[in-house]
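Q: Got a structure here, written out as structure tokens. Questions coming.
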Amino acid sequence: MRTQVGIIGAGPAGLLLSHLLHLRGISSVVLEKRSRDYVERRVRAGVLEQGTVDTLTEAGVGERMRREGLPHHGIELRYGGAGHRIPFEKLVPGRSITVYGQQEVVKDLIAARLAAGGDVRFEVEDVAVHGLTSAPYLTFGDERLDCEVIAGCDGFHGVSRPSIPEGVLSVFEREYPFAWLGILAKVAPSSEELIYTRTERGFALHSMRSPKVSRFYLQVPADAREEDWPDERIWAELKARLESVPGFTLATGEIMEKGVTPMRAFVVEPMQYGRLYLAGDAAHIVPPTGAKGLNLAVADVRVLTEALAAYFEDGSTALLDGYSEACLKRVWRAQHFSWWMTTLLHTFEDDDPYARRLQLSYLDYVTSSEAAATTLAENYVGLP
Ligand code: FAD
Ligand code: DHB
């Protein structure tokens, strides 16, 4: 079997790449180890930057997002007994975010690929990468897929990054001493906009998926297990952290999904080796506080598509050669923003009273200075 681009992973990066390549007349095969049902149900990100929304819309896969996605023009920072709105419409006119679940993006992309006769294979076992510096091919089960280029879109725990020989990649990483417990609940959101809250008990985030479904995250210890967090404990803790301003009551409901996510930052440089190009979480991870991971994956794929189009259309390798460098500028900006939002809003056990005062002072600055608030807003909605 032969294709132009062999893609490992049917997350947002792999599926979008396959779709964009198809629009440019370039063939691909997507190999995914999980089932279609599994990837369509995996609850993860929810905040789409303006640039992500534009990319999906221009690629013809934004129709349901436009109907069901929730446009947001601000967020609330809540701390010290008060809420403070960061108004995007004033600070970054014309730019906003859309709340639309990652699994909905995945569903829309799978539907588009299958409708166009695309080759997306689920439950594929033992994918392995070969011939990266000569004639690349992938093996899986007892099959072989020859390709001209391989795209490693298989997330942080995939096989593509570890198949690069030792010594080629530089790794930059940081582990945070806490995790996020995320839940999806059958209850109308208690707020129209997202609330990022800092309390002495830790961080909490009120997000949503629809007028009837809310999404919440709690800062929990790094070794927290789902079993430690029965539903009543989750609601009690969310109330303790979010009901910190007068008149705000958190509505509760049935918890449909629960999961603990470790908080880490990770980047490899370069994001390519021979004929293998890494995109999305396979190359970099950010702590989720800035809502950047999915958006970075989409940005990588945009750059990779242009580079592959130049290669397959006129044999030019200049953009492919510069792929990693072109992506890493955005990647590091997002790393810094995600670190900054995480540091601003979480409680760190090692922090002494001095460090806590600094954190509160910075929050006061961000919520009172237009210049500081604009820094947050322009990074949050996504830099061009
Ligand atoms: P993935 O979505 O991880 O997809 C990789 C795919 O490869 C998977 O389907 C996997 O099954 C498959 N795979 C892995 N190994 C193999 C193999 N050996 N063979 C074949 N297939 C394989 N980002 C945001 O932008 N905004 C947010 O609001 C946000 N919130 C988040 C909240 C949480 C709780 C979490 C966990 C993440 C959040 N993120 C957010 C990050 C975002 O979900 C990821 O950055 C995004 O999923 C990256 O997409 P990807 O396609 O690169 O990787
Ligand atoms: C969501 C996730 C995030 O990481 C974030 O910063 C905002 C919202 C969400 O899943 O809704």
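Q: Tell me which residues, restricted to region 94-128, are of a type in the set (Val, Ile, Thr) and either surrounded by 22 or more Cβ atoms within 10 Å (Cβ to Cβ) or not in a loop (DSSP other than H, G, I, E, B) (or both).
A: Scanning region 94-128 gives Ile97, Thr98, Val99, Val105, Val106, Ile110, Val120, Val127.
Q: Are any residues in region 154-167 in contact (Cβ under 8 Å) with a residue 60 or more places away in the chain and surrounded by fewer than 12 Cβ atoms within 10 Å (Cβ to Cβ), and if so, which ones?
A: Passing the criteria: only Pro165.
Q: Which of the numbered conditions does Phe348 fail, given that it passes all the others? Conditions: (1) of a type in the set (Phe, Trp, Tyr); (2) surrounded by fewer than 23 Cβ atoms within 10 Å (Cβ to Cβ); (3) in contact (Cβ under 8 Å) with a residue 40 or more places away in the chain; (4) not in a loop (DSSP other than H, G, I, E, B).
A: Every listed condition holds for Phe348 apart from (4).
Q: Among (1) of a type outside the set (S, T, N, Q); (2) touching a residue at least 12 places away in the same chain (Cβ under 8 Å); (3) loosely packed, with under 14 Cβ neighbours inside 10 Å, where does Glu306 come up short?
A: In the conditions (1) of a type outside the set (S, T, N, Q); (2) touching a residue at least 12 places away in the same chain (Cβ under 8 Å); (3) loosely packed, with under 14 Cβ neighbours inside 10 Å, Glu306 misses (3) alone.
Q: Could you please find all residues in region 170-203 being away from ligand 1 (no atom under 14 Å from the Cβ) and small (Gly, Ala, Ser)?
A: Listed by number, the residues that qualify are Ser170, Ala185, Ala188, Ser190, Ser191, Gly202.
Q: Tell me the residue from Ala251, Ala224, Ala236 that is among the hydrophobic types (A, V, I, L, M, F, W, C) and either within 15 Å of ligand 1 (Cβ to nearest atom) or surrounded by 15 or more Cβ atoms within 10 Å (Cβ to Cβ) (or both), please.
A: Ala224
Q: Output yes when any residue across region 261-269 is part of a strand (DSSP E or B) and polar (S, T, N, Q), and no when none is.
A: yes
Q: Take the conditions in a helix (DSSP H, G or I), out of contact with any strand residue (DSSP E or B) (no Cβ under 7 Å at 6 or more places or on another chain) and assigned by TED's automatic domain parsing to the domain that holds Arg330 and apply them to Arg34. Does it pass?
A: For Arg34, the condition - in a helix (DSSP H, G or I), out of contact with any strand residue (DSSP E or B) (no Cβ under 7 Å at 6 or more places or on another chain) and assigned by TED's automatic domain parsing to the domain that holds Arg330 - is not met.
Yes or no, residue by residue, for (1) within 23 Å of the chain's Cα centre (by Cα); (2) under 23 Å from Thr342 (Cα atoms):
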site	(1), (2)
Glu237	no, yes
Gly253	no, no
Val267	yes, yes
Arg275	no, no
Ala279	yes, no
Val286	yes, yes
Ala297	yes, yes
Arg302	yes, no
Ala310	no, no
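Q: Also, I was wondering about something else. Find the residue count for region 275-305, including only residues that are hydrophobic (A, V, I, L, M, F, W, C), within 14 Å of ligand 2 (Cβ to nearest atom), closer than 21 Å to Ile164 by Cβ and assigned to a helix (DSSP H, G or I).
A: The qualifying residues number 2.
The values are calculated or read from the model by the stated rules, or taken from the named source; none is laboratory data. Computed from a prediction, not measured in an experiment: that's the story for all the values here. Cβ sites come from the backbone with ideal geometry, for glycine too, and all protein chains shown count toward neighbours.
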